[in-house]
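Chemist: One structure, pasted below without further comment.
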Amino acid sequence: MNDDGMPRPRHMRQGLSLKAFAWMLIIPVLAFFAIWNVVPFLWLLGLSFYRYYPTFGQPPKFLGLGNYISLMNDPNVWERIGTTFLFMVSAVGIETGLGLVLGFVFWSRRALWGRRLALTLLFSPMVLAPVAAGTFFRLIYDPLYGVVPYYIHMLFGVPKPNLLGNSHTAMWAVLATDVWMWTPFMTMMTIAALGAIPKSVLEAASVDRLKFWQRVRYVMWPYGKFILLLGVILRTIDAFKTYGLISAMTAGGPGNATDVLSITLYREGFVSFDMGTGSALALFTLFIAVAFTSVYLYFLKNRESEAVS
Amino acid sequence: MANVEFTNLVKQYGATTALKAVSGVFQDGLVTCMLGPSGCGKTTLLRTIAGLEQQDSGTIHFDGRAVEQLPVSARNVGMVFQAPVVYRGLSVFDNIALPMRRAQVSDSEIRKAVDEVLDLLDLGPLAAMVADGLNAGDRQKVAIARAVARRPRVLLLDEPLTNVSGHERAVLKRSLKRLLTHRRDTVVYVTHDQSEAMTLADVMVVMQNGVIMQQGAPRDLYEKPEDEFVGWFLGAPGMNFLYPAKERAEVWMRAEGLWEPDLRARMAGVRTMGSIGFRPEYVRVALTPQPGWSEAIVQHAALTTLGQILVTAQAGPTTVVAKHAGLPLLSQGSRVWLRVPSEHVHCFAPDGKRLDLDAAADDEAEPEPVGSRPMRRV
């Protein structure tokens, strides 16, 4: 017992200082983080300075920045980055656009017939594993048995196209699948963003007879932008490192039409077993992803300062 | 501006009926304050007039034109909500101007209208500031300015002072009074604060359980309540009530010193009395024995914020609250003598409606002898 008659906390009774007790609570998390994040990261960083093929049975050879320099000078890498950005920007752009429209409809038409069922169906693709969805769509696009080539044939009178086997259409076929899978996510974010607008502000806008664009500009955007941006950033990061969907559908082909960075990375590391180049590329990818994240953190910081005022 | 007339408005939320066939007229150019306890339907009535709620049945007319089927935007009403609403990122001026920015309205007209309300609400110095950075009181001023600037047919205010506190609130109340007096708009003002209603109202409406209990000048509602509820609800505290029908005979007799003899006679003649009410501020309190007055024992005395002394005293079986400036702070257990002047005694029928003693007594076959017996049970 101390002066105020309260029992002392157990850690004090056992002679631990508050600081030590706090550390005791944090250490398990820190240890987990260190073992699964920090150590592999440092390992990766180290590997990126060496030439190392684990399958050759030769000791790693130190190259310094050699792996990076050859990556920077490799036109193929820049092409992959271009492909990745094309995929990412198109996917996020289309998904955001469609998501905004669908989200707005679902949000503004509360009494829409079948709204609940439609929402449930709409959100179902999101729960699939990307590899499963990819496999599924490979069948849908199959030039012999697929539904999509069949209807293209029926509607336009052209022979059934091999959409995934053609380097001009493969990217768009994959994109369409990604859009099918992730538009619901942006729809959900839109509904959440619009749901963040206080009821009285919406009512004031209707009493004030604001026009649609005025409502978008002065009511929906100011209240909804952070949730919507969060959705866009999450989608961007995710689209940037898409792997499962593409690996199941085209594995980067035909040629290198759908060869995004994550596919290249996998091939360098686990097909060619070129650990050094793979690691350097992984770090490079990580750097880009961190750049996206910091954009969001920047917006988030603005939001916090806004909330304080 | 317009007359607002509504007839037999019914609004149900699931099992509860918020409006039970409410009818009434809110007059052009007058400030009507709707007052009532939480859940009495006052806000629902306001929102139904605005079009934010759809009535289940009934009609609403603005100057004789039916509007009950029109959407909010076609009714041209101005509304101020409990929570101050400003459009984020816009200056005070632009906030007020935004609803007016339509093809038909020129910039100079907008500027003139906005400047006028800015001036009336003392917002001039803040015109260029970003509205969402202001304090709650100023944000509510902006919301009020926005609602009135475009001259809507009706101005609806839903507890506009509730979310504003302390000094800001007093300032806002004063500005609002000035604005409303100056503009002579048709205003419907919902509040649960009586002093607010008394300050602002030309006409006061008291609602309870989805029904309008009384509508009239504030003074009339206060001095001549048409219903027991109105007498109880208005005033701080409200009326004292005695329920002769429920009291036992001898118990009732002992409180009779409260009434003047002639009133006692007239009350005795009424067979169906529900309750007798009188306001605490009209109870006369004597510190020395007065012949015939009801003797009472002080239970509690306290100083109110308005500087009056609030006395709770036990007069026989009944508890009477009296409120006066200039009374000493009586100690518990001290004796006082009470009497209520006849003109301040209100009688109500068992259904709560006001009872005119003389008219009611006429219905009786023969008046009972003075003081011979207590009020009859119903």
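Chemist: What translational diffusion coefficient, in µm²/s and rounded to a whole number, does the Stokes-Einstein relation yield for segment B:240-363 at 25 °C and a viscosity of 0.890 mPa s, taking the hydrodynamic radius as the Kirkwood radius over Cα pairs?
Modeler: So the translational diffusion coefficient is about 164 µm²/s.
Chemist: In peptide A:207-217, what is the residue-averaged number of other protein chain Cβ atoms found within 10 Å of each Cβ?
Modeler: For peptide A:207-217, the averaged partner shielding equals 6.
Chemist: Further question on the same structure: For chain A, report the convex hull volume of the alpha-carbon atoms normalised per residue, in Å³, without decimals. Walk me through the numbers on the way to the answer.
Modeler: Values: hull volume 81.0 nm³, N = 309.
Measuring per residue, one finds 262 Å³ for the Cα hull of chain A.
Chemist: Next question. With only Lys, Arg, Asp and Glu charged, each at its Cβ (+1 for the first two, -1 for the last two), find how big the charge dipole of segment A:68-171 is about the Cα centre; round to the nearest 20 debye. Before the final figure, lay out each step's value.
Modeler: Working: 7 positive and 4 negative charges, 121 e Å.
So the magnitude is around 580 debye.
Chemist: Could I ask something else about it? Nearest 0.05, what FRET efficiency do residue B:116 and residue A:26 give at R0 = 60 Å with Cβ-Cβ as r?
Modeler: 0.45
Chemist: What's the extension gain from residue A:127 to residue A:196 if we count 0.36 nm per residue and subtract their Cα-Cα distance?
Modeler: Working: separation 69, 0.36 × 69 = 24.84 nm, distance 2.46 nm.
Difference between extended and current length: 22.4 nm.
Chemist: Another question about this same structure. Taking the Cα centre of chain B as origin, sum charge times position over the Cβ atoms of Lys and Arg (+1) and Asp and Glu (-1), and report the length of that vector in debye to the nearest 20.
Modeler: 760 debye
Chemist: Now, a different point. Report the extension gain between residue A:79 and residue A:298 in nm, rounded to one decimal, defined as 0.36 nm multiplied by the number of residues separating them, less their alpha carbon distance.
Modeler: Full extension of this stretch gives 75.9 nm more.
Chemist: Relative to the first principal axis of the alpha-carbon coordinates of chain B, what is the inclination of helix B:107-120, with its axis defined by its Cα atoms, in degrees from 0 to 90 and to the nearest 10?
Modeler: Roughly 30 degrees, rounded to the nearest 10.
Chemist: Return B:259, A:23, B:232 ranked ascending by Cβ neighbour count within 10 Å, so the fewest neighbours appear first.
Modeler: Least to most surrounded, the residues fall as A:23, B:232, B:259.
Chemist: Another one. Quick one: plug the Kirkwood hydrodynamic radius of segment A:51-127 (C-alpha pairs) into Stokes-Einstein at 37 °C, 0.692 mPa s, and report D in µm²/s.
Modeler: Here the translational diffusion coefficient equals 189 µm²/s.
Chemist: Could you line up B:142, A:216 from fewest to most neighbouring Cβ atoms inside 10 Å?
Modeler: Result, fewest neighbours first: A:216, B:142.
Chemist: Right, something else. Quick check on chain B: what does the Kirkwood estimate of hydrodynamic radius come out to from the alpha carbon pairs, in Å?
Modeler: After inverting the mean inverse Cα-Cα distance, the result is 23.4 Å.
Chemist: Output the 0 to 90 degree angle, nearest 10, between the alpha-carbon long axis of helix B:136-149 and the longest principal axis computed from the alpha carbons of chain B.
Modeler: Here the helix axis deviates by roughly 70 degrees.
Chemist: List B:141, B:224 from most exposed to least, where exposure is judged by having the fewest other Cβ atoms within 10 Å.
Modeler: Listing B:141, B:224 from fewest to most nearby Cβ atoms yields B:224, B:141.
Chemist: Select from chain A the helices, each a whole stretch of DSSP H, whose alpha-carbon atoms run 24 Å or more along the helix axis and whose Kyte-Doolittle mean is at least 0.0; answer none if there are none. Let's see the in-between values first.
Modeler: Values: long enough: A:75-108 (49 Å, 1.06); A:170-195 (37 Å, 1.18); A:221-240 (27 Å, 1.16); A:275-308 (48 Å, 0.92).
Going by DSSP H runs, the hits are A:75-108, A:170-195, A:221-240, A:275-308.
Chemist: What trypsin sites (Lys or Arg not before Pro) does segment A:135-226 have in DSSP loop regions with at most 15 other beta carbons within 10 Å? Spell out each step's value before the answer.
Modeler: Values: sites: A:138, A:199, A:209, A:211, A:215, A:217, A:225; in loops: A:209, A:211.
Passing sites in segment A:135-226 are A:211.
Chemist: If the reach is capped at under 28 angstrom between alpha carbons, list the lysines near residue A:225, excluding any in the same chain fewer than eight residues apart.
Modeler: A:199, A:211, A:241, A:301, B:141
Chemist: I want to check the label-to-label distance for residue A:34 and residue B:27. Put each point 7 Å from Cα in the C-beta direction and report it in nm to one decimal.
Modeler: In this crude label model, residue A:34 to residue B:27 measures out at 8.3 nm.
Chemist: So what is the 222 nm mean residue ellipticity for the protein assembly as shown from helices alone, if each DSSP H run of at least 4 adds -39500 (n - 2.57) and you divide by all residues, rounding to the nearest 500 deg cm²/dmol?
Modeler: -14000 deg cm²/dmol
Chemist: Which of A:240, A:273, A:221 sits farthest toward the positive end of the charge dipole of segment A:200-295, with +1 on the Cβ of Lys and Arg and -1 on the Cβ of Asp and Glu?
Modeler: Looking along the dipole axis, the top candidate is A:221.
Chemist: Rounded to whole Å, give me the distance from the Cα center of segment A:124-157 to that of segment B:15-91.
Modeler: Spelled out, the Cα-based centre of one part sits 54 Å from the other.
Chemist: FRET efficiency for residue B:329 and residue B:10, Cβ-Cβ distance as r, R0 = 51 Å, nearest 0.05?
Modeler: Plugging the Cβ-Cβ distance into 1/(1 + (r/R0)^6) gives 0.50.
Chemist: Another question, if that's okay. Can you work out the FRET efficiency for the pair residue A:273 and residue A:117, with r the C-beta to C-beta distance and R0 = 51 Å, to the nearest 0.05?
Modeler: Efficiency, rounded to the nearest 0.05: 0.55.
Chemist: With +1 on the Cβ of every Lys and Arg and -1 on the Cβ of every Asp and Glu, and nothing else charged, how large is the dipole of the protein assembly as shown about its Cα centre, in debye rounded to the nearest 20?
Modeler: 1380 debye
Every read-out reported here was derived from the displayed coordinates using simple, explicitly stated rules and does not represent laboratory data. The structure displayed is predicted, hence computed values, not measured ones. For neighbour counting, all protein chains shown are included, and Cβ atoms are generated from backbone atoms with ideal geometry for every residue, glycine included.
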